[in-house]
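Single-structure report; data block below.
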Amino acid sequence: MTKYPEKFPCLLLAGGLSRRMGGGAKFLQELGGQSLLHRIIDTLRPQVGEMVLNMNMRVDDLGPPELPILPDSVGGFAGPLAGILTGLEHFNAKGLTASHMLSVPTDAPFIPPDLVARLTAPLGDNGETIVMARSVGRVHPVVALWPLSLAADLRRALVEEDLRKILVFAERYNRIEVEWHDSDGDPFFNINRPEDLEVARGRLEKGRL
């Protein structure tokens, strides 16, 4: 297996409008004494290199640690693909030697501590491979390793083709899915509605992290 020269950079996706949560910054909702955002940061910090936040709304106080905030580099609230493009272009501009960028949504509070190790394992020597997480019978396309080399292709797909579906774009390339089997619950459970937040709180109370 290829030994990668540095930790992968990470893009935290918070570019949506959170309509199902009543609007506002969904990732600031509290869970277990922390905001969703800071819970995810704490889990990912040992696993990744530079971390940035893709966000299109104004939030006055995110609290520490401060992260660079990147609004979408294409207009029109084009969905998570626009956020992924923004991250790819940002890290390419920095001239990183890393081959991939990790994307993770900010509404998934149970991200596993071995996420990057598990996603990296099948990469081998193929730097053009997209690796996505899978659990409970479905793929999670926003929890993925993205080759930095795909930035130009993705911009064309968004701007010239008006493409919005992550899997439609990803199917154009070599793609691997890594399966998680967790008896304590879906590690990629995400919070879209107020009732989802209550489910997550119940899961914490039962010790099902």
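The values are calculated or read from the model by the stated rules, or taken from the named source; none is laboratory data. These numbers come from a predicted model, not from an experiment. Here Cβ is always computed from backbone atoms with ideal geometry, including for glycine, and neighbour counts include all displayed protein chains.
Meeting the requirement of 2 or more residues that are under 26 Å from Arg193 (Cβ atoms) and more than 13 Å from the chain's Cα centre (by Cα), the strands (runs of 3 or more DSSP E) wholly within the stretch 35-139 are 130-135. Does the stretch 87-96 include one or more residues that are within 15 Å of Arg155 (Cβ to Cβ), surrounded by fewer than 17 Cβ atoms within 10 Å (Cβ to Cβ) and not aromatic (Phe, Trp, Tyr)? The answer is yes; a qualifying residue exists. Among the numbered conditions (1) more than 30 Å from Arg193 (Cβ to Cβ); (2) free of Cβ contacts under 8 Å to residues at least 24 places away in the same chain, the only one that Val159 does not meet is (2).
I'd like to check something: does the stretch 133-156 contain any residue that is surrounded by fewer than 19 Cβ atoms within 10 Å (Cβ to Cβ), of a type in the set (Phe, Trp, Tyr) and on the phi < 0 side of the Ramachandran plot? No, that holds for no residue. Checking the structure you have, find out if any residue of the stretch 13-28 is within 20 Å of Ile130 (Cβ to Cβ), at pLDDT 95 or above and of a type outside the set (Asp, Glu). Taking every residue of the stretch 13-28 in turn, at least one turns out to be within 20 Å of Ile130 (Cβ to Cβ), at pLDDT 95 or above and of a type outside the set (Asp, Glu).
Per-residue answers, yes or no, for (1) of a type in the set (D, E, K, R); (2) closer than 18 Å to Gln47 by Cα:
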residue	(1), (2)
Ala117	no, yes
Ala121	no, yes
Glu128	yes, no
Ala133	no, yes
Arg138	yes, no
Pro141	no, no
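The one condition from (1) in contact with a helix residue (DSSP H, G or I) (Cβ under 6 Å, 6 or more places away or on another chain); (2) at pLDDT below 80 that Val59 does not meet is (1). Here Leu81 meets the list (1) under 18 Å from Gln47 (Cβ atoms); (2) in contact (Cβ under 8 Å) with a residue 60 or more places away in the chain; (3) crowded, with 21+ Cβ neighbours inside 10 Å almost entirely, failing just condition (1).
Whenever a residue of the stretch 108-131 is closer than 19 Å to Leu204 by Cα, its partners that are aromatic (Phe, Trp, Tyr) and part of a loop (DSSP other than H, G, I, E, B), lying with C-beta atoms within less than 7 angstrom and at least six residues away or across chains, give the pairs Ala108/Phe188; Ala108/Phe189; Phe110/Phe189.
Annotation: of all residues in the stretch 97-132 being under 20 Å from Asn174 (Cα atoms) and touching a Lys or Arg at 6+ places or on another chain (Cβ under 8 Å), the one that is surrounded by the most Cβ atoms within 10 Å (Cβ to Cβ) is Val131.
Look at (1) in contact with a Gly (Cβ under 8 Å, 6 or more places away or on another chain); (2) free of Cβ contacts under 8 Å to residues at least 60 places away in the same chain; (3) assigned to a loop (DSSP other than H, G, I, E, B) and you find that Ser149 fails only one, number (3). Out of Glu179, Glu161, Glu205, Glu171, one residue alone is exposed (fewer than 13 other Cβ atoms within 10 Å of the Cβ), at pLDDT 95 or above and farther than 28 Å from His90 by Cα. It is Glu179.
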